[in-house]
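Chemist: Questions regarding the structure given below will be posed in turn.
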Amino acid sequence: MNAVKRFGSAMIVPVLLFAFFGIIVGLATLFKNPDIMGDIAAEGTMWHSIWSIIESGGWTIFDHMELAFVIGLPISLAKKAQARATLAALMIYLVFNNYINTILTLWPETFGVDLSQGAENLTGVKEIAGIATLDTNIIGAILISAIVIWIHNNFYDTKLPEVLGIFQGLSFVVVIGFFMMIPLAFLVSFVWPYVQTGIASLQEVMLQSGYIGVWIFHFLERILIPTGLHHFIYTPFEFGPAAVNEGLKPLWISELSEYGSSDAPLNELYPYGFLLQGNIKIFSCLGIGLAMYYSTPKENRKKMLALVLPATATAVFAGITEPLEFTFLFIAPYLFVIHALLGATMIMIMNMFGVVGLMGGGLIDIAAINWIPLAASHGGIYITQAVIGFIFTGIYFVTFKYLIEKFDIALPGRKTGEEAKLYTKKDYLDQKNGEPVVAAENTGNEYEDKAVYYLKGLGGRGNIKDVTNCATRLRVTVNDPGQVRGNDYFTNGQMAHGIAKSGTSVQVIVGLSVPQVREYFETMV
C-alpha cells in the first residue's frame with residue numbers, strides 16, 4: 001500500500017504543470033473571441049496572431065502528454081540519479097514505440113493495424129514524437145516509466161567487468177530496457193486493441209450511469225484523499241482513457257472556442273459531469289471555514305481567524321484543501337465522511353441542473369478555463385452553479401457548526417486559553433509528547449534550512465530509506481520509526497505544518513515549497 005501511495009503521489013509532478021498550460025489556453029481562447037473582445041480579435045489582426053502564438057505554446061503539454069508522464073515519474077520515484085533515470089525513461093519509451101511501429105508495419109494483417117493509411121486516419125493510433133504507434137495514452141507512458149524506474153533502482157549501481165565499464169550506470173539501464181521492450185512491444189501490439197475495445201465499453205457504461213456515476217466519482221475522489229489513492233480516481237478521467245481516450249481535460253480545452261461560439265446547452269456540447277471537484281474546494285471549504293470560526297469561543301476568534309482565513313483562501317483560490325481537511329480528518333474522521341457525502345451530492349445536483357466543465361482546481365483555475373471564456377454564451381449555467389454552491393455553503397456551515405458544538409469536537413481554538421493551530425494526524429495520535437523544542441539552524445536559504453531540520457528530526461541520514469513528495473508533503477520511508485521526532489519538533493518555528501506517521505512511512509507536511517525542499521534533502525541522504 002505504501003508503494004501504491006508513493007506511485008500515486010509521483011503522478012502529481014507532471015499534473016502540476018497542466019494547470020498553468022490550461023489557464024494559458026483558456027485566456028488565449030478568451031482573447032481570440034470577437035464576441036467578447038470586439039474587432040480587435042478578428043482573424044488576421046495582430047492581436048489575434050499574438051494570442052494564436054501564445055495558444056500554440058499552451059498546447060505543448062497536451063500534445064505531448066505521454067512524454068510528460070514518462071519524464072515526470074522518475075523525478076519522484078527513482079531512488080538515485082533522478083536526472084539519468086529521466087533520460088533513460090524517455091529513451092526506452094521511444095524505443096518501445098519504435099518497436100510497435102515496426103511490428104505493425106511488418107505484420108499489419110496479423111495485428112489488424114495498417115499504418116500505411118496514416119496515423120490521422122486510424123482509430124487507436126497516434127504519433128508520439130513523430131512515431132506512428134498504438135495510442136496507449138498515459139497508461140502506456142506510466143507502464144514504461146515504471147519499468148524503467150524499477151530497472152534503474154535495481155541495476156544502476158551494478159559493477160560490470162572493466163572491459164565493459166563504458167556500459168555501467170545509465171547505459172546499463174538503457175541496455176536492459178532496450179531488450180525488455182521487444183517482448184513487451186509484441187505483447188502490447190497484440191493485446192492493446194482488445195483493451196481499447198474494453199475501454200470503449202467502459203466509457204459507454206459510465207455515460208449510461210448518469211448522475212449516479214457522477215456522485216460515485218466525486219465521493220471516491222474526496223474520501224480517498226487521506227490514502228493518496230484519489231490520484232487513481234481522477235487521473236484516468238482527466239488525461240484518458242476512462243471517459244474519452246484523449247482525456248477530458250484536453251477535450252474540453254480543444255473545444256473551448258467552439259463551446260464559446262455555440263448557443264446550445266453546455267451539457268449537450270460536453271456531456272460529462274466528471275472533474276467538477278473544484279466546487280467542493282470553493283463552496284464546501286468556505287462553509288467549513290465559517291463553521292470552524294463561528295464554533296470557536298469569541299475570545300479565541302481573533303486568533304482562529306488568523307488560521308482559518310488563509311487556509312480557506314488557499315482552498316478557495318488555489319484548490320489546496322489540506323490545511324482545512326486534515327485538521328478535522330484525524331480529530332473527527334466522521335466529519336470527513338460527511339464532507340465527502342455532502343460534496344458528492346452538491347456536484348451531482350449541479351450536474352442535474354446542467355453544470356459541466358473542467359473544474360478540478362480552485363477559483364483561479366476554474367475562472368480561467370470555464371467562466372471567463374464562456375460567460376458570454378453560457379453565463380446562465382454559471383449563475384445556477386453559484387446559487388447551488390452557496391446553498392451548500394450554508395448547508396455545510398449549519399451541519400458542521402451543529403456537529404462541532406453538539407459533540408464538543410476539539411478543533412483548534414475551542415478551549416479558552418488554548419493555542420490556536422491547525423491540527424495534524426500526529427497531534428491526534430500523540431497529542432503533546434513533551435519533547436524539547438529544538439532551535440532551527442539558519443543557513444540563509446529557507447529550503448536548505450528546512451531540509452537540514454527535517455533530516456535531524458527523521459533520525460539522520462542512516463534512517464532514511466527513500467524519499468519522494470506529492471503536492472504539499474515530503475514522503476519519507478524510514479528504517480526505524482522510533483527515531484522520528486514528535487510533531488512539536490517539526491512545527492517549531494513554523495518549519496512545517498506537522499507530520500503524519502504510519503509504520504515506517506512518514507509524511508512531513510511542508511506546503512507548496514516541498515519540491516525545492518526535497519532537492520536539498522536528497523543531497524544530504
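Chemist: Applying 1/(1 + (r/R0)^6) with R0 = 30 Å to the Cβ-Cβ distance of Lys79 and Ala318, what FRET efficiency is obtained, to the nearest 0.05? Kindly include the intermediate steps, with their values, before the conclusion.
Modeler: Details: r = 31 Å, r/R0 = 1.02.
Working from the Cβ atoms, E equals 0.45.
Chemist: Put a dot 7 Å past each Cα toward the Cβ at Leu160 and Ile40; how far apart are the dots in nm?
Modeler: Inter-label distance under the simple model: 6.0 nm.
Chemist: Same structure, new question: Please list 3J(HN,Hα) in residue order for region 95-105, calculated via the Karplus relation 6.51 cos²θ - 1.76 cosθ + 1.60 where θ = phi - 60°; whole Hz, with x for glycine and proline.
Modeler: Using θ = phi - 60°, the values come out as 4, 4, 6, 5, 4, 4, 4, 5, 4, 6, 6 Hz.
Chemist: In Å, what Kirkwood hydrodynamic radius results for region 249-328 from the alpha-carbon pair distances?
Modeler: On the way: mean 1/r = 0.0670 Å⁻¹.
Over region 249-328, the inverse of the mean reciprocal pair distance is 14.9 Å.
Chemist: Continuing with the same structure: Say R0 is 41 Å: what FRET efficiency, to the nearest 0.05, do Leu187 and Ile54 get from their beta-carbon distance? Could you put the intermediate results ahead of the total?
Modeler: On the way: r = 42 Å, r/R0 = 1.02.
Between Leu187 and Ile54 the formula returns 0.45.
Chemist: Would you give the gap between the C-alpha center of region 340-375 and the C-alpha center of region 56-86, rounded to a whole Å?
Modeler: 28 Å
Chemist: Another question, then. Over all directions, average the projected area of the Cα convex hull of the chain and note it in nm². Working shown, then result.
Modeler: Working: hull surface 114.2 nm².
Projected area, direction-averaged: 28.5 nm².
Chemist: Now, a different point. Filter the cross-link list Lys159/Lys501; Lys450/Lys501; Lys302/Lys501; Lys401/Lys450; Lys80/Lys281; Lys281/Lys303 down to pairs whose alpha-carbon distance in this structure exceeds 25 Å.
Modeler: Table pairs above 25 Å Cα-Cα are Lys159/Lys501; Lys302/Lys501; Lys401/Lys450; Lys80/Lys281.
Chemist: Pop a pseudo-label 7 angstrom from the Cα along the beta-carbon direction at both Ser254 and Tyr294 and give the gap in nm to one decimal.
Modeler: It works out to 4.6 nm between the two label points.
Chemist: With a 1.4 Å probe and all protein chains kept in place, how do Asp135, Asp263 rank by accessible area, largest first? Spell out each step's value before the answer.
Modeler: Working: Asp135 15, Asp263 145 Å².
Sorted descending by solvent-accessible area, the residues read Asp263, Asp135.
Chemist: Separate question: Rolling a 1.4 angstrom probe over the protein chains, ignoring ligands and nucleic acids, what is the accessible area of Trp150 in square angstrom, nearest 10?
Modeler: Trp150 has an accessible surface of roughly 140 Å² with all protein chains in place.
Chemist: I've got another one for you. Of Thr110, Thr399, which has the most accessible area and how do the rest follow, probe 1.4 Å? Could the numbers behind the result be given before it?
Modeler: Working: Thr110 100, Thr399 40 Å².
Sorted descending by solvent-accessible area, the residues read Thr110, Thr399.
Chemist: Given Cα pairs under 8 Å that are at least 6 residues apart, what percent is the relative contact order of the chain? Each step should come with its number before you reach the end.
Modeler: On the way: 798 pairs, mean separation 72.4, N = 525.
RCO, the chain: 14 percent.
Chemist: Stretched out fully, how many nm does the piece from Val205 to Val387 gain, at 0.36 nm a residue minus the Cα gap? Mind dumping the intermediate values first?
Modeler: Working: separation 182, 0.36 × 182 = 65.52 nm, distance 3.05 nm.
Residue separation times 0.36 nm, minus the Cα-Cα distance, leaves 62.5 nm.
Chemist: To check my understanding: the extent here is largest minus smallest coordinate of the Cα atoms along each principal axis. What are those three numbers for region 113-177, in Å, largest first?
Modeler: Here the Cα extents, ordered largest to smallest, are 50, 23, 17 Å.
Chemist: Oh, and also: Hey, any idea what the orientation-averaged projected area of the convex hull of region 32-71's Cα atoms comes to, in nm²?
Modeler: Values: hull surface 12.9 nm².
Over every viewing direction, the Cα hull of region 32-71 projects on average to 3.2 nm².
Chemist: Quickly estimate the mean residue ellipticity at 222 nm for the chain, helices only: each DSSP H run with n ≥ 4 gives -39500 (n - 2.57), and the total goes over all residues, rounded to 500. Present the calculation step by step, with values, prior to reporting the outcome.
Modeler: Working: 24 runs with 314 residues, N = 525.
Dividing the helical sum by the residues of the chain leaves -19000 deg cm²/dmol.
Chemist: Compute the whole-percent fraction of alpha carbon pairs in region 36-120 spaced more than 15 Å apart.
Modeler: Numbers: 2627 of 3570 pairs.
Tail of the P(r) past 15 Å holds 74 percent of the pairs.
Chemist: On to the next question. Given the convex hull over the Cα atoms of region 140-180, what projected area results after averaging over all orientations, in nm²? Each step should come with its number before you reach the end.
Modeler: Numbers: hull surface 11.3 nm².
The orientation-averaged projected area of the Cα hull of region 140-180 comes to 2.8 nm².
Chemist: Follow-up. Along Cα→Cβ, 7 Å out, is where each label goes; now give me the distance between the ones at Gln117 and Val525 in nm to one decimal.
Modeler: 5.0 nm
Chemist: Same structure again: If you take the beta carbon distance between Leu17 and Glu446 as r and set R0 to 25 Å, what does 1/(1 + (r/R0)^6) give as a FRET efficiency, to the nearest 0.05? Present the calculation step by step, with values, prior to reporting the outcome.
Modeler: Numbers: r = 23 Å, r/R0 = 0.93.
Computed FRET efficiency for Leu17 and Glu446: 0.60.
Chemist: Here is a further query. Could you give the length gained on full extension between Asp63 and Gln483, defined as 0.36 nm per residue of separation minus the Cα-Cα distance, in nm? Can you show the working numbers first?
Modeler: Numbers: separation 420, 0.36 × 420 = 151.20 nm, distance 4.64 nm.
Length gained between Asp63 and Gln483: 146.6 nm.
Chemist: How are the C-alpha pair distances of region 157-305 spread across 5 Å bins, as whole percents from the shortest bin up?
Modeler: Answer for region 157-305: a P(r) of 2, 7, 10, 12, 12, 11, 10, 9, 8, 7, 5, 4, 3, 1, 0, 0 percent.
Chemist: Would you tally the net charge around Thr133, using a Cβ to Cβ cut-off of less than 14 Å, leaving Thr133 out, and scoring K and R as +1, D and E as -1? Please report the intermediate quantities before stating the final value.
Modeler: Working: positive: Lys126; negative: Glu66, Asp114, Glu120, Glu127, Asp135.
Surrounding charge for Thr133 is -4.
The values are calculated or read from the model by the stated rules, or taken from the named source; none is laboratory data. Please read all numbers here as calculations on a predicted model, not as lab measurements. Because the Cβ atoms are built from the backbone with ideal geometry, glycine has one as well, and the counts that use them run over all protein chains shown. Accessible surface is based on the protein model in full, side chains and every heavy atom, while ligands, DNA and RNA are left aside. Shrake-Rupley method; radii C 1.70, N 1.55, O 1.52, S 1.80 Å.
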